[in-house]
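Peer 1: The following block contains the structure, expressed as structure tokens.
The values are calculated or read from the model by the stated rules, or taken from the named source; none is laboratory data. As the structure is a prediction and not an experimental result, all values here were calculated from the model. Positions of Cβ are backbone-derived with ideal geometry, glycine not excepted, and every protein chain shown enters the neighbour counts.
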């Protein structure tokens, strides 16, 4: 059995390969080639934390993956990381446990960043340059890194807003040290009005982004609403959008960013499409430059399968060499 620590996993990751694998996994999910049971969810409201259990299998793959990922959002105040977790890969032929990836949440953070980058690349205007990052946690950093990886020829200008200006400045400093053009905004409304791409990365339980702030042509990738009760976008904005794209219709309408508008009957599965269908050419994403597009990413098991398989394939090549 293969057991990999986080440093070993980080050394094996190839971002371009992982981008391609996750894009293909989204398509497999929308094509009906993936089995993804409902997400297991534990809430710890007294600790501002939650835990997700996601698992699934893509038809034809030799392995299936079970992932446990926890997010405790007050941890930075006590010197601990927000994310933690583990991934386990089993043989799809025998059920034997073949690998344990002790990634400490790294792979979940990375695959979420890559998923956001894939959605943003597919749906933003080709000339979009001004990117607003809402939130200053670890995912804010990964969304910036992965978007630059996915669109290396585009010279983006990033600006970050967070409830804590100090955390926003800390995140901006980390990214600046990595060579990123990034500034800090203290005015969320102005930031959103000026942005061409907005990426929301918070665990908010009330809307942060107002409908009236969003200009025609804006693309929004919303990743924070991954559990019941979370919401980052004004419901009126979700209803107003020209195109609503999600990683999973079932999850988005049940507990994702689209769920509030779904509960009021203003949207339904008939006027939303899955990202895999857009990537596979079976559904439209952005049609006109003035369209407002929203990607609601709740996180799906095929992302975990893709990132785990990518790491294990690299490990096996390393061992064979």
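Peer 1: Are any of the residues in segment 140-158 within 20 Å of residue 180 (Cα to Cα) and free of Cβ contacts under 8 Å to residues at least 24 places away in the same chain? Walk me through how you get there before you give the answer.
Peer 2: First pass over segment 140-158, keeping only residues within 20 Å of residue 180 (Cα to Cα): 140-158.
The next check asks that each one be free of Cβ contacts under 8 Å to residues at least 24 places away in the same chain; those that pass are 152-153.
Checking segment 140-158: at least one residue is within 20 Å of residue 180 (Cα to Cα) and free of Cβ contacts under 8 Å to residues at least 24 places away in the same chain.
Peer 1: May I pose another question? How many residues, within segment 236-270, are over 21 Å from residue 280 (Cβ atoms) and part of a helix (DSSP H, G or I)?
Peer 2: Residues meeting the conditions: 12.
Peer 1: Another one. Among the listed residues 226, 291, identify the single one that is farther than 27 Å from residue 52 by Cβ and part of a loop (DSSP other than H, G, I, E, B). Even if it seems obvious, please write down each step before you answer.
Peer 2: Numbers: 226 fails: farther than 27 Å from residue 52 by Cβ.
The match here is 291.
Peer 1: Within segment 8-55, how many residues turn out to be more than 16 Å from the chain's Cα centre (by Cα), within 18 Å of residue 317 (Cβ to Cβ) and assigned to a helix (DSSP H, G or I)?
Peer 2: Going through segment 8-55 one residue at a time, the tally reaches 7.
Peer 1: Within the set of pairs 6 or more residues apart or between chains, which connect a residue that is under 18 Å from residue 14 (Cα atoms) inside segment 85-108 to a residue that is modelled with pLDDT under 95 and not in a strand (DSSP E or B) with Cβ atoms less than 7 Å apart?
Peer 2: Pairs that qualify, where the first residue is under 18 Å from residue 14 (Cα atoms) and the partner is modelled with pLDDT under 95 and not in a strand (DSSP E or B), are 105/81.
Peer 1: Take segment 32-58 and flag every residue that is out of contact with any strand residue (DSSP E or B) (no Cβ under 7 Å at 6 or more places or on another chain) and more than 20 Å from residue 227 (Cα to Cα).
Peer 2: 32 - this is the single residue of segment 32-58 that is out of contact with any strand residue (DSSP E or B) (no Cβ under 7 Å at 6 or more places or on another chain) and more than 20 Å from residue 227 (Cα to Cα).
Peer 1: So, of the residues in segment 214-230 that are surrounded by 24 or more Cβ atoms within 10 Å (Cβ to Cβ) and modelled with pLDDT of 95 or more, which turns out to be nearest to residue 117 (Cα to Cα)?
Peer 2: If we take residues in segment 214-230 being surrounded by 24 or more Cβ atoms within 10 Å (Cβ to Cβ) and modelled with pLDDT of 95 or more, then 221 is nearest to residue 117 (Cα to Cα).
Peer 1: Let me ask another. Any residue in segment 4-23 that is closer than 21 Å to residue 104 by Cα, free of Cβ contacts under 8 Å to residues at least 40 places away in the same chain and touching a strand residue (DSSP E or B) at 6+ places or on another chain (Cβ under 7 Å)?
Peer 2: No: zero hits.
Peer 1: Given the criteria part of a loop (DSSP other than H, G, I, E, B) and more than 18 Å from the chain's Cα centre (by Cα), does residue 174 qualify?
Peer 2: Details: part of a loop (DSSP other than H, G, I, E, B): no; more than 18 Å from the chain's Cα centre (by Cα): yes.
In short, no.
Peer 1: When you scan segment 41-60, do you find a residue that is within 26 Å of residue 249 (Cβ to Cβ) and free of Cβ contacts under 8 Å to residues at least 12 places away in the same chain, even just one?
Peer 2: The initial filter retains those residues of segment 41-60 that are within 26 Å of residue 249 (Cβ to Cβ), namely 41-43, 50-60.
So of that shortlist, the ones also free of Cβ contacts under 8 Å to residues at least 12 places away in the same chain come out as 42.
Looking through segment 41-60, at least one residue is within 26 Å of residue 249 (Cβ to Cβ) and free of Cβ contacts under 8 Å to residues at least 12 places away in the same chain.
Peer 1: Could you tell me whether segment 73-84 includes any residue that is in contact with a strand residue (DSSP E or B) (Cβ under 8 Å, 6 or more places away or on another chain), assigned to a loop (DSSP other than H, G, I, E, B) and at pLDDT 95 or above?
Peer 2: no
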